[in-house]
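This report refers to the structure that appears directly beneath it.
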Amino acid sequence: MSAVAALLRREAWLAARSRSDWLMPPFFLVVVVTLFGLGAEPNDPRLARFAPAILWVANLLAALLTLERLFRADHEDGTLEQMVLSPLPLYLVAACKLLSHWLLTGLPLVLLSAPLGAMLGLDTAAVVALVAGLVLGTPCISAVGGFVAALTVGLPRAGLLLPVLVLPLIVPVVIFGAGAVRSAQQGLPVDAPLYFLAAILAVCVTLVPWVCSAALRNAVD
């Protein structure tokens, strides 16, 4: 546990040194959602109808902004090789990196999405469903994106390839997340899409650190 805490402190320290990189996703989310609001007619009821898709796609694109740098800096300065050779299991190192990405990127996006959803005309039930879906869905985005980042860490121009690989894999998360908000808007139960998101999250938490560690070991070898 002390090694895990040290890894998380290291990630927080690195994020404090490059604050502009980690402030970019929340800023991007606010700008994109605000532009949709400004581009629509005043009090347009259609804006609330499209709000679930707008917010989920904006969250997904915002999270992608920092995924390419998740392992690249460690690979370039040799830290990744030291992590592979350290006695700490590499899957645990990968899990800590993915957790730190969600804490630094996903969690701020979740917190910002509630007022942004209200700004787009979502009612209280829809905002609650939105936040619940994002709490379950954004870790999946960090996990799947982190796995693809580990696969492409040794490739040049991986930043161009990463969104092409991540977006098809994360489509079910967006579908169920936006579906939960639409169900809440229509007064229907939101349990089913949230259960699907929870199941996807369970699979990601269970499998992704292992496959991510294998991809990192392959990149070092």
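Restricting the first member to region 29-41 and to residues that are under 12 Å from residue 120 (Cβ atoms), and the second to residues that are surrounded by fewer than 13 Cβ atoms within 10 Å (Cβ to Cβ), the beta-carbon pairs closer than 8 Å and six or more apart or on different chains are 40/46.
Please verify whether region 159-176 includes one or more residues that are touching a Pro at 6+ places or on another chain (Cβ under 9 Å) and in a helix (DSSP H, G or I). Yes, region 159-176 contains a residue that is touching a Pro at 6+ places or on another chain (Cβ under 9 Å) and in a helix (DSSP H, G or I). Taking region 36-125 and the helices (runs of 4 or more DSSP H) fully enclosed by it, the elements with 1 or more residues that are buried (at least 21 other Cβ atoms within 10 Å of the Cβ) are at 45-64, 79-85, 90-101, 107-119. Among the residues of region 121-131, is there at least one that is in contact with a Phe, Trp or Tyr (Cβ under 6 Å, 6 or more places away or on another chain) and touching a residue at least 24 places away in the same chain (Cβ under 8 Å)? Within region 121-131 (the criterion being in contact with a Phe, Trp or Tyr (Cβ under 6 Å, 6 or more places away or on another chain) and touching a residue at least 24 places away in the same chain (Cβ under 8 Å)), the answer is no, since none of the residues qualifies. Exactly one residue among 105, 79 is closer than 27 Å to residue 17 by Cα and without any contact (Cβ under 8 Å) to a residue 40 or more places away in the chain, and that residue is 79. Close Cβ contacts (under 7 Å, 6 or more residues apart or on different chains) running from residues in region 187-213 that are in contact (Cβ under 8 Å) with a residue 24 or more places away in the chain to residues that are surrounded by 15 or more Cβ atoms within 10 Å (Cβ to Cβ) and polar (S, T, N, Q) comprise 190/183; 193/183.
Within region 174-182, identify whether any single residue is closer than 20 Å to residue 107 by Cα, in contact with a helix residue (DSSP H, G or I) (Cβ under 8 Å, 6 or more places away or on another chain) and among the aromatic types (Phe, Trp, Tyr), and answer yes or no. Yes: region 174-182 contains one or more residues that are closer than 20 Å to residue 107 by Cα, in contact with a helix residue (DSSP H, G or I) (Cβ under 8 Å, 6 or more places away or on another chain) and among the aromatic types (Phe, Trp, Tyr). Would you mind stating whether residue 148 is outside any helix (DSSP H, G or I), closer than 20 Å to residue 22 by Cβ and at pLDDT below 95? Judged against the criteria, residue 148 is not a match.
Taking each residue of region 9-26 that is in a helix (DSSP H, G or I) and looking for partners that are among the hydroxyl-bearing types (Ser, Thr, Tyr) and modelled with pLDDT of 70 or more with beta-carbon atoms closer than 7 Å, six or more apart or interchain, yields 11/100; 21/66; 22/66; 22/105; 25/66; 25/105.
The values are calculated or read from the model by the stated rules, or taken from the named source; none is laboratory data. The structure displayed is predicted, hence computed values, not measured ones. Glycine gets a Cβ as well: all are built from the backbone with ideal geometry, and neighbour counts include every protein chain shown.
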